[in-house]
Each structure stands twice: as structure tokens, then as C-alpha cells.
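As C-alpha cells, the structure follows; a few thoughts come after it.
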């Protein structure tokens, strides 16, 4: 009679694993699987952290780039506004000098007030740009000259009823040419900045979206 304690039974010359040996075999198969699952989860978590940080950092950079693009447009708009009000003020002053109409004088005073406000705002908007500040330093004396010229014409018409002379027109044209040249330099600088900032903002925004999609994909794979 064979002993019941044998770990294997033999049938037809083939050894049959007992229940204990089958359990050990199953356990040995499950260990690599658990390791792979655990490793995959760890990788997913690390990728989530990395992509999440990259997405957060990219979002901040994208917001900064968008702010700079908006700032550049604001400066360009203020340059246009300043130029427009210089022209309106000078034209209104000369027209008043010729006609003496109160409605023209009112338009001149409004344009003059807007110009002074625009000039201050333009200076504030370009505080971050040293080259634009230098251009403002050159532009402001030109604006002062236009203001003084316009003021003289208005005062002459109001006090002595003197009509503007041809020499006034020549002086006005020279001053306006200086204004146009100065503001064009400022426009060119802002256009250069815009051409540099806009593609960078679009590139970072695309990278941020790619990071967000990658994060969603990896979470889907992990789940």
C-alpha cells in the first residue's frame, strides 16, 4: 500500500501535481503580472505628475504671452490715437485761424485735451520698452512744438482777428512730417514685437493643448 503522504500521484507513468503544487504554480504566475500592473500604475502616476506640471507651467506662459500680445496691440492703438489727435488739433487750429468759427474752436480744445491724455498714456504703456521710451523722449518735444504752434494761431485769431498766413501752413506741414516720422518709428517697433510674440504665443498654446491631451490619454490607459 502506497503512503498517503506522497506529494505526487502517478497514473500511467505521469506525475500529477497535487493541490499545493498547483497553488504555488499559480502564485508564481501572478507575481510578474502584479509587478507589471504596479509598474504601469507608477509610470502612469509619474507621467500624470509630469504632464500636469508641464500643462500648468505652459498655461502660465501662454497667459503671459497672450498678455504681451494684447499689450502690444494696446500700444499700437494708442500710437494711432495720439497721431490722430495731433492731426485733428493742428487742423482745427489752422481752420479756426482762417474762419474764427466757435464750433471749430471747440473741436480744437477737445482734440488738445485728448492729445495730452494720449501722450501720458502712451508713455505709461511703453515703460517696459527702453527703445520706445527713447522714441517718446524725441516725440514729446515735437508734440510740444505742435501745441505751441496751434496755440499761437488760436490766440492770434482770438486777440487780433489775424488770419493765418502762408508761412504758418509751411511750419505746420514741417511739424506734422516730424510727427508722422516719429510715430512711424514707434509703429515699426511694435510691429516687430508683435511678429515675435504672436507665433510664440500660438506655439506655447499648442504645446499646452498637446500636454492636456496626453494627460487625458495616459489617464485613460491607466484606467
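The values are calculated or read from the model by the stated rules, or taken from the named source; none is laboratory data. Note that the coordinates shown come from a computational prediction; the quantities given were computed from them, not determined experimentally. Don't worry about glycine lacking a Cβ; one is built from the backbone with ideal geometry, like all the others, and counts go over all protein chains shown.
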Can you name the residue in the stretch 148-173 that is under 39 Å from the mean Cα position of the chain (by Cα) and at pLDDT below 90 and, of all such residues, is surrounded by the fewest Cβ atoms within 10 Å (Cβ to Cβ)?
-> 173
Please indicate, with yes or no, whether at least one residue in the stretch 102-113 is at pLDDT below 90, surrounded by fewer than 21 Cβ atoms within 10 Å (Cβ to Cβ) and part of a helix (DSSP H, G or I).
-> no
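Filter the stretch 81-101 down to the residues that are closer than 16 Å to residue 179 by Cα, touching a residue at least 60 places away in the same chain (Cβ under 8 Å) and surrounded by fewer than 17 Cβ atoms within 10 Å (Cβ to Cβ) and list them by number. Spell out how you get there, then give the answer.
First, the residues of the stretch 81-101 that are closer than 16 Å to residue 179 by Cα: 81-91.
Adding the requirement that they be touching a residue at least 60 places away in the same chain (Cβ under 8 Å) leaves 82-83, 86-87, 89-90.
Across the stretch 81-101, the qualifying residue is only 87.
Could you please let me know if residue 207 is in a helix (DSSP H, G or I), within 21 Å of residue 94 (Cα to Cα) and modelled with pLDDT under 85?
Working: in a helix (DSSP H, G or I): yes; within 21 Å of residue 94 (Cα to Cα): no; modelled with pLDDT under 85: yes.
No; evaluated as a whole, the condition is false for this residue.
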